[in-house]
Amino acid sequence: MWGVEDFEIIKSYMQNPFQMESFIEYTEEGKWPLETIALRPSNLGIFKDDLTIAISSALPEISRRWIKKLDQGPPQEMNQAIQSRYRAFLIAQVAAASLWVEVNKNKEPIN
């Protein structure tokens, strides 16, 4: 699962950056936030390859971001009932990001 901050990191690695809009909604006070992200490429013809290369390059930084979020823990305003689920989500994100870094570290860039 990618968040706005992840896409900002990815965007910084792109040759032809995209425009991005996002919206965060809370279904109830203190519950899990729902985030919707829309990407608008500046050049659709090369967007896929540019995005793929940028993601591969950005993975170590994205991984460090999720580790930092895990270290910070859940937001204070999040209710107690959901905090353990949020921690489990962060652990899964750290594991996935670390795996992506490992799998992609020796791959050749796409031309």
message = How big is the dipole moment of the chain about its Cα centre under a simple scheme where the beta carbon of each Lys and Arg is +1, that of each Asp and Glu is -1, and everything else is neutral? Debye, nearest 20, please.
response = 300 debye
key: the chain, helix-only ellipticity at 222 nm - DSSP H runs n ≥ 4, -39,500 (n - 2.57), divided by all residues, nearest 500   = -19500 deg cm²/dmol
request  = State, to one decimal in nm, how far the label point of Ser57 lies from the label point of Ala88, with both points 7 Å from Cα in the Cβ direction.
outcome  = 3.8 nm
ask   = Between exposed trypsin sites (Lys or Arg not before Pro) in the chain, where DSSP calls loop and at most 15 other Cβ atoms lie within 10 Å, what's the longest gap?
value = 32-104
task = Please give the helix 44-72 orientation as an angle from the longest Cα principal axis of the chain, in degrees from 0 to 90, rounded to the nearest 10.
result = 30 degrees
ask   = What order do you get for Ser56, Ser42, Ser84 when you list them from fewest to most C-beta neighbours inside 10 Å?
value = Ser84, Ser42, Ser56
key: Set of aspartates and glutamates near Lys11 by C-alpha distance (under 16 Å), chain-local residues within fewer than 8 positions excluded   = Glu21, Asp49, Asp50, Glu61
remark   = Most fluctuating of Pro41, Pro75, Pro17 in the GNM of the chain (C-alpha, under 10 Å) is Pro75
ask   = Which Cα, out of Ser98, Ala88, Leu70, lies furthest along the positive dipole direction of the chain (beta carbon charges, K/R +1, D/E -1)?
value = Ser98
inquiry  = Nearest 10 degrees is fine. How inclined is helix 80-104 to the longest principal axis of the chain, computing both from alpha carbons?
reply    = 20 degrees
ask   = For region 73-99 and region 1-39, what is the separation of their Cα centres, given in Å?
value = 17 Å
note = Quick calc, Val101 & Glu77: beta-carbon distance into FRET formula, R0 41 Å, rounding 0.05, result 0.85
query = For Phe47 and Ile67 in one chain, what is 0.36 nm times their gap in residues minus the Cα-Cα distance, to one decimal in nm?
reply = 4.4 nm
ask   = Give me the Kirkwood hydrodynamic radius of region 4-104 in Å, from all C-alpha pairs, to one decimal place?
value = 15.0 Å
message = Only Cα pairs within less than 10 Å get springs; with that Gaussian network setup on the chain, which residue of Ile91, Ile53, Ile24 has the largest fluctuation?
response = Ile24
key: Top of Leu99, Leu59, Leu51 by mean-square fluctuation, Gaussian network on the chain, Cα under 10 Å   = Leu99
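No lab work stands behind these numbers, since they all come straight from the coordinates. All values reported here derive from a predicted model rather than from experimental measurement. Every residue, glycine among them, receives a Cβ derived from its backbone with ideal geometry; neighbour counts consider all protein chains shown.
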